[in-house]
Amino acid sequence: MSKGKLIVLEGLDGSGKGTQLALLAERLMNAGHSVWLTREPTDGAIGRLIREGLGDAARFDEATIALLFAADRLAHIAEIRQHLAAGEIVLCDRYVLSSLAYNSQTLTLEWILALNEQADARLHPDLTLYFDLSEQLAMSRIDARGDVHERYETQRQLYQVREMYRMLADVRIADNVHTIDAKETPEIIAENAWQAVQNIL
Ligand code: TYD
């Protein structure tokens with residue numbers, strides 16, 4: 001059986017990642033591919049702990065949560081590998097780039113890179129779709145959904161996360177990052193994502 005592909009979706013909350021993940025999955029399945037959808041933080045034990053802790057800064061400080069993200073990822077990689085071995089296309093909402101972009105705001109990038117060294121050694125995405133959106137638009141979409149603002153979701157923080165994403169998109173060659181303008185309509189974004197995906201299938 002052919003080896004599968006790992007496609008990662010990255011971007012600020014509000015960038016339309018979730019919508020695009022669903023559209024891409026549908027398109028891939030219509031084209032006859034087996035698709036497995038997943039996300040980080042995961043739905044596993046460590047991922048659930050992270051979700052509980054994200055809204056409660058008193059519970060886990062930034063360094064603790066960064067360690068948990070890295071640990072969650074290593075458990076996740078083992079699971080992803082099984083799906084890749086079965087020839088599936090794995091669509092993953094967030095991966096190493098999220099740790100580098102978000103968690104290097106209060107901790108050094110060097111330390112976050114070190115925490116992710118094992119993940120980097122074990123599994124690189126075949127393609128990373130980065131949905132680029134300004135922090136203003138991301139904030140107004142989060143507000144329009146009526147979502148509460150989580151950790152990292154002040155406008156200033158989102159600005160810094162976006163800056164980091166844009167820098168990383170240029171330097172993380174191994175992640176094969178393809179940047180998509182997320183202010184476009186969902187249809188145009190989906191088309192752009194599809195073009196990039198076809199190049200790696
Ligand atoms: P998110 O995708 O928003 O999950 P949900 O939609 O269920 O809230 O991820 C939660 C937050 O975690 C998001 O603000 C990004 C952040 N994050 C990190 O800081 N580091 C990481 O390694 C990952 C995967 C996410």
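The values are calculated or read from the model by the stated rules, or taken from the named source; none is laboratory data. Small disclaimer: the values here were computed from a predicted structure and weren't measured. Quick reminder, even Gly has a Cβ in these numbers, built from the backbone with ideal geometry, and neighbours come from all protein chains shown. All accessible areas refer to the heavy atoms of the entire protein, side chains included, with ligands and DNA or RNA removed. Shrake-Rupley method; radii C 1.70, N 1.55, O 1.52, S 1.80 Å.
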Legend entry - Residue under evaluation residue 88, criteria (1) modelled with pLDDT of 95 or more; (2) charged (D, E, K, R); (3) within 14 Å of the ligand (Cβ to nearest atom), criterion not met: (3)
Inset, instruction - Specify the residue that is surrounded by the fewest Cβ atoms within 10 Å (Cβ to Cβ); the eligible residues are those in region 31-53 that are free of Cβ contacts under 8 Å to residues at least 24 places away in the same chain and within 9 Å of the ligand (Cβ to nearest atom). - result: 51
Legend entry - Among residues of region 64-79, those that are more than 8 Å from the ligand (Cβ to nearest atom) and surrounded by fewer than 22 Cβ atoms within 10 Å (Cβ to Cβ), counted: 9
Inset, instruction - Inspect region 166-185 for any residue being within 11 Å of the ligand (Cβ to nearest atom) and of a type outside the set (S, T, N, Q) and give the result as yes or no. - result: no
Inset, instruction - Would you check if there is a residue in region 132-143 being within 14 Å of the ligand (Cβ to nearest atom), buried (at least 19 other Cβ atoms within 10 Å of the Cβ) and outside any helix (DSSP H, G or I)? - result: yes
Legend entry - Considering residues of region 1-15 that are away from the ligand (no atom under 12 Å from the Cβ) and small (Gly, Ala, Ser) only, the residue farthest from residue 125 (Cα to Cα): 2
Inset, instruction - Might you let me know whether region 51-60 holds any residue that is outside any helix (DSSP H, G or I), modelled with pLDDT of 95 or more, within 20 Å of residue 94 (Cβ to Cβ) and not basic (Lys, Arg)? - result: no
Legend entry - Subset of region 1-30 [among the polar types (S, T, N, Q) and either without any contact (Cβ under 8 Å) to a residue 40 or more places away in the chain or in a helix (DSSP H, G or I) (or both)]: 19, 20, 30
Inset, instruction - Only residues that are in contact (Cβ under 8 Å) with a residue 60 or more places away in the chain, more than 12 Å from residue 12 (Cβ to Cβ) and aliphatic (A, V, I, L, M): list them for region 114-147, please. - result: 123, 127, 129
Inset, instruction - Could you tell me whether residue 82 is open to solvent by 30 Å² or more (accessible area, probe 1.4 Å) and not in a helix (DSSP H, G or I)? - result: no
Legend entry - Residue in region 91-104 that is surrounded by the most Cβ atoms within 10 Å (Cβ to Cβ), counting only those that are more than 9 Å from the ligand (Cβ to nearest atom) and closer than 22 Å to residue 153 by Cα: 92
Legend entry - Pair list, Cβ < 6 Å and 6+ apart or interchain, from region 54-74 residues that are among the hydrophobic types (A, V, I, L, M, F, W, C) to residues that are open to solvent by 30 Å² or more (accessible area, probe 1.4 Å) and near the ligand (Cβ under 9 Å from one of its atoms): 54/150; 54/151
